[in-house]
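Asks: Structure below; questions to follow.
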Ligand SMILES: Cc1cc2nc3c(=O)[nH]c(=O)nc-3n(C[C@H](O)[C@H](O)[C@H](O)COP(=O)(O)OP(=O)(O)OC[C@H]3O[C@@H](n4cnc5c(N)ncnc54)[C@H](O)[C@@H]3O)c2cc1C
């Protein structure tokens, strides 16, 4: 069940799917076992244009807009979730922050490298004491002549172990609360930047995550993204787009799990007939189909509105909340329908089930999406 898409996006959808099935799916077990995505795999995804999908051509993007980005990301979800996580953390979050917040000089200096994956980026907002309440972050930025001096720490930063470039959020005026938050582009070689070891995770194997520490780290004023105090707006605008991508990925991951569940239900015979003949199984499959269809429509709606220039904070939060919660239910049903085999490492279903858990946590938990949606409703009334 696919909503109608323009021909250009149907072609993109087909070509990304073919690339994923031919080039990425054969690597699934290796990526999972080694907990590593090799540089040639990143280069192959970059050569397919997957880092620059939603960005404009003047900075090296593919110019497909947010809808094209979501359509492609959905197909990318047909292999390890960690593959997209590298792109999402780099182009999706770091690149979007530079694109939305950056003066043109920073956009032109950094985006072509990020969108071709010559450089890998990371987005450093969360801290040990500031996750859901990101506005309370404690990393300090003190102005010192033509530089800012940053001190503090970040936690759970996707791509940190492999990143060349970081968008870092720090507070330049604690008395102003979140209105003091300022965003900076920081190169890895900057003195005073320390990257912690790669965190061990439940899933997303192949994607790296680490802490960052800033010790009297000097960042030139020209590396500031937008005005002093404008950083939290950059963070929130970036998350609007990040959440759409995450929701699109959840739709694709759920779709693949559902297709496997339908096929297994038809093939597996118990009590002398396929388990698909049992109404208990049919209802699981039907409920999943409804949820995936609804989630896809929500993602495409949010992305189309973004392409028309609308602010999509509420729609992106709704799509992220619904699609990621739906993925959790579809993944659970997929394991159930596969029975014991669903629990075995021999099948990819077990990995997809573990990978599915993160979607409801990062880029704002499900509870925080509800707060965002309610905030919009109450502000309008
Ligand atoms: C694998 C991974 C990758 C990540 N990548 C990045 C990254 O690249 N960059 C980055 O900046 N961050 C990243 N994060 C951090 C992620 O965004 C945070 O973990 C997330 O926002 C939740 O914050 P927290 O972990 O501090 O949980 P907490 O904020 O401590 O929340 C704990 C629980 O309390 C609930 N809660 C909190 N406040 C409220 C409230 N007001 N109402 C109701 N419930 C509430 C939450 O929903 C959650 O259930 C990553 C995290 C992980 C696990």
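The values are calculated or read from the model by the stated rules, or taken from the named source; none is laboratory data. Here the structure is a predicted model, which means the values were calculated and not measured. Don't worry about glycine lacking a Cβ; one is built from the backbone with ideal geometry, like all the others, and counts go over all protein chains shown.
Asks: Yes or no: segment 360-372 includes at least one residue that is in a helix (DSSP H, G or I), surrounded by 20 or more Cβ atoms within 10 Å (Cβ to Cβ), modelled with pLDDT of 95 or more and more than 12 Å from the ligand (Cβ to nearest atom).
Replies: No - not one qualifying residue is present in segment 360-372.
Asks: Sticking with this structure for a sec: Just one of the numbered conditions (1) part of a helix (DSSP H, G or I); (2) touching a helix residue (DSSP H, G or I) at 6+ places or on another chain (Cβ under 7 Å) is not true of residue 183; which one?
Replies: So the condition that residue 183 fails would be (1).
Asks: Criterion first (modelled with pLDDT of 95 or more, more than 10 Å from the ligand (Cβ to nearest atom) and outside the structural domain of residue 89 (by TED's automatic domain parsing)) does residue 144 satisfy it?
Replies: yes
Asks: Could you identify the single residue in 259, 194 that is at pLDDT 95 or above and either surrounded by 18 or more Cβ atoms within 10 Å (Cβ to Cβ) or touching a strand residue (DSSP E or B) at 6+ places or on another chain (Cβ under 6 Å) (or both)?
Replies: Of 259, 194, the one residue that is at pLDDT 95 or above and either surrounded by 18 or more Cβ atoms within 10 Å (Cβ to Cβ) or touching a strand residue (DSSP E or B) at 6+ places or on another chain (Cβ under 6 Å) (or both) is 194.
Asks: Within segment 251-260, is there a residue that is without any contact (Cβ under 8 Å) to a residue 40 or more places away in the chain and under 21 Å from residue 326 (Cβ atoms)?
Replies: Yes.
Residue-by-condition table, conditions (1) over 16 Å from the mean Cα position of the chain (by Cα); (2) surrounded by fewer than 24 Cβ atoms within 10 Å (Cβ to Cβ); (3) at pLDDT 95 or above; (4) within 14 Å of the ligand (Cβ to nearest atom):
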| position | (1), (2), (3), (4) |
| --- | --- |
| 70 | no, no, yes, no |
| 73 | no, no, yes, no |
| 76 | no, no, yes, no |
| 85 | no, no, yes, yes |
| 92 | no, no, yes, yes |
| 113 | yes, yes, yes, no |
| 122 | no, no, yes, yes |
| 133 | yes, yes, yes, yes |
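Asks: Using the structure shown, decide if residue 317 is more than 16 Å from the ligand (Cβ to nearest atom), part of a helix (DSSP H, G or I), touching a helix residue (DSSP H, G or I) at 6+ places or on another chain (Cβ under 8 Å) and closer than 27 Å to residue 3 by Cα.
Replies: no
Asks: Same structure again: Within segment 345-356, does at least one residue satisfy the condition of being surrounded by fewer than 16 Cβ atoms within 10 Å (Cβ to Cβ) and away from the ligand (no atom under 16 Å from the Cβ)?
Replies: yes
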